[in-house]
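This report concerns only the one structure given below.
No lab work stands behind these numbers, since they all come straight from the coordinates. In this text, all values refer to a predicted model and were calculated from it rather than measured experimentally. Cβ placement follows ideal geometry from the backbone for every residue including glycine, while neighbour counts extend to all protein chains displayed.
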Amino acid sequence: MKRGFWILAAIIVLLLPWVGNNYFIRLATIMMLYCVLALSWNFIGGLTGYPSFATAAFFGLGAYAGAISQGQGVPMYLAWVIGAALAAIFATGLGLAILRLRGHYFAIASLVVADVLREIVNSTTNLTGGGMGLNLPVLKLGVDAQAKLFYYCMFGIALLTIFTAAYVMRRPLGFGLGCIKQNEDAANIIGINATIFKTIAFSLSAVFVGGAGAFYASWVNYIEPGDVFDILFAIKPIVMVLLGGAGTVSGPIIGAIVFLILEELVWRNFLTFHAGVLGLIVVFLIFYLPDGILDLNYRRWFGWRKN
Amino acid sequence: MNPILQLESVTRKFGGLTALDEVSFQINPGEIVGLIGPNGAGKTTLVNLVTAVYGVTRGRIFFDGQRIDGLKSHEISRKGIARTFQIVQPFPKMTVCENVAAGALFAGGAKSVNEAKEQALEHLHFVGLADLASHSAAALTLANRKRLELAKSLAMKPKLLLLDEVNAGLTNVEINKALALIRSLAERGITILIIEHLMKVVLALCSRVVVLHHGQLIAEGAATDVVRNPRVIEAYLGAHFVNQRQKEN
């Protein structure tokens, strides 16, 4: 039953570009991008319990790494891999430095990283174009074909993220991260190398975000520091994960989908006050559904049995 | 016989306070050694030093002939030292079985999560918690949480087990069960260092006792001798009491 549901969902996603218009394709691409961001944050925030605000830093870093590589003539797909790899390496170093902080202190340390990177990008005008932004090579494809191409590529990145998340959760790594979340000192005592585990989780939370950032740069063809280092790239994934249910695979996905629908509806209907209304909805959901949408007894509606 | 655990002039200072002062003693394989002393004597600090929760200020600690001060907690647990905490430390949102499986997976040599869970069930049987395997760890009674701590430590397949007041807060009946359990651990060949306030337990279990007072080792020897040692009585009850007793005799 459950497997059937996922296969059905995958088929719908695969066929959508052939029935929907470009607006829908664009929306669905953003939806999958959100899934990647939410699932990525879930590695460090949901599984490990470290409230990271570094997602924006990884996204921006990946975007600039990809954009600069493409500007040097590197093929687009390879540029995405470079963005992902650079974000992961950066996260490993950063993690070793700031993952020894806990709770609010870790949150603050991770929050400033995006700002620091933005200032660096702003001031290295020769390489990054600074505040003027950076243009990327335009693909020699029609508008419709481009929309479909980026849609399927994003789908691929999202699938990769989903499979990685599902894999990690079944392995000792996921189990150990759960131990660290609940009691890090006790986790150390039973033989978990918490430093290594947390650093791996942090890198996992960066690698797909970096790839998605590079993808984003190719997709929109023009990036500037304020756009890709936007703090909203750090906050939205957290809201999505809390909305859907932290520490699971389906929670962040459901959260990302629901969040995008809310965002789009609110944007259309409250043009002058959309951020405020969205904020109110989020506050409401967190008050009344603190463990996320997954906590609803949805299994009964679909006749799924709890494993 | 080579000692399994050896402390050489171990000192730990917290700012101006010397919590442990030049403490040296050793534990031989197969022994059950009691670690006693009044509140604040440094007993838990000593366990925390052996398991690298804190680092030593001075001195050396050897386990199985290898120097272990300076190693990290997780490295020490993988070498074969397990401990329980005075204030129990379960993973509250996991089941009882998963709690024990964590020990089996990361220090007990289990290859996969499933294998760890199978091993966990055996250990739960041993401590008498098998019926509660699928319950949440947060819902256990104190006595059962202490047993869970034991099962978790056992799952790590330790050579040396450090028990920090496993009997505190238990009823008499529960203590008797715990005593039987600790004895059966020793029969499995696990060396045990037990911090204990209840003399009944110390006298029943320990072949040897080490006494700490104000961070210093003040007596060491057979349990029945140590409880008659004037310095030990003084540490617990004050000099006044010792003088009085000597007059009475």
**OP:** Please give the contour-minus-distance gain from A:I231 to A:F24: 0.36 nm per residue of separation, less the Cα-Cα distance, rounded to one decimal in nm.
**Re:** 72.0 nm
**OP:** Quick one: compute the contact order of segment A:108-203, relative version, from alpha carbon pairs under 8 angstrom and 6+ residues apart, as a percent.
**Re:** 11 percent
Original post:
Does segment A:1-105 come out rounded, prolate or oblate, given a ≥ b ≥ c as the square roots of the eigenvalues of its C-alpha gyration tensor, rounded meaning a/c under 1.5 and, failing that, prolate meaning a/b above b/c?
Top reply: oblate
Original post:
Per the helix-only calculation at 222 nm, which mean residue ellipticity applies to chain A, given -39500 (n - 2.57) for every DSSP H run of n ≥ 4 and division by its residues, nearest 500 deg cm²/dmol?
Top reply: -25000 deg cm²/dmol
Subject >> Pairs from B:K146/B:K200; A:K198/B:K152; B:K43/B:K177; B:K72/B:K117; B:K72/B:K159; A:K2/A:K140 whose Cα-Cα separation, in the structure shown, is over 29 Å >> reply: A:K2/A:K140
Subject >> Pairwise label distance in nanometres, A:I89 with B:K72, each label 7 Å out on the Cα-Cβ vector >> reply: 2.3 nm
**OP:** Describe numerically, in nm with one decimal, the distance between label points set 7 Å from Cα along Cα→Cβ at B:L198 and at B:L17.
**Re:** 2.8 nm
Subject >> Antiparallel %, DSSP beta bridges [both residues in the protein assembly as shown], to 5 >> reply: 60 percent
Subject >> For segment B:223-229, 3J(HN,Hα) per residue [Karplus equation, 6.51 cos²θ - 1.76 cosθ + 1.60, θ = phi - 60°, Hz, x = Gly/Pro] >> reply: 4, 5, 6, 4, 5, 9, 5
Subject >> Sorted by Cβ neighbour density within 10 Å, fewest at the top, the residues B:T191, A:T125 >> reply: A:T125, B:T191
**OP:** Using amide H atoms built 1.01 Å from N in the peptide plane, name the residues 5+ places from B:L20, or on other chains, whose amide H lies under 5 Å from its own.
**Re:** B:R12
**OP:** Take peptide A:178-188, look around each residue's Cβ out to 10 angstrom, count Cβ atoms belonging to other protein chains, and average those counts.
**Re:** 6
Original post:
Which net charge results for the neighbourhood of A:F43, defined as the other residues with beta-carbon distances under 13 angstrom from its beta-carbon, given Lys and Arg at +1 and Asp and Glu at -1?
Top reply: +3
**OP:** Taking the Cβ of B:L170 as the centre, find all other residues whose Cβ is under 9 Å away and add up their charges (Lys, Arg: +1; Asp, Glu: -1).
**Re:** +1
Subject >> With at most 12 neighbouring Cβ atoms within 10 Å, loop chymotrypsin sites (Phe, Trp or Tyr not before Pro) (DSSP) excluded, longest segment of chain A >> reply: A:1-272
**OP:** Please turn the phi angles of segment A:66-72 into ³J(HN,Hα) values with the Karplus equation 6.51 cos²θ - 1.76 cosθ + 1.60 (θ = phi - 60°), one per residue in order, whole Hz, x for glycine and proline.
**Re:** x, 5, 5, 4, 5, x, 8
Subject >> Placed amide H near B:R83: partners under 5 Å, 5+ positions off or other chain >> reply: B:L162
Original post:
Counting only other chains, what is the mean number of Cβ atoms within 10 angstrom of the Cβ of each residue in peptide A:166-175?
Top reply: 3
Subject >> Peptide B:71-78, shielding by other chains (average Cβ, 10 Å cutoff) >> reply: 5
**OP:** Mind pulling up the Rg/Rh value for chain A? Radius of gyration and Kirkwood radius, both on Cα.
**Re:** 0.96
Subject >> Likely footprinting exposure, A:V74, A:V168, B:V50, fewest C-beta neighbours within 10 Å first >> reply: A:V74, A:V168, B:V50
Original post:
Is segment B:67-120 best put as rounded, prolate or oblate by its Cα gyration tensor, with a ≥ b ≥ c the root eigenvalues, rounded for a/c under 1.5, and otherwise prolate when a/b is larger than b/c, oblate when not?
Top reply: oblate
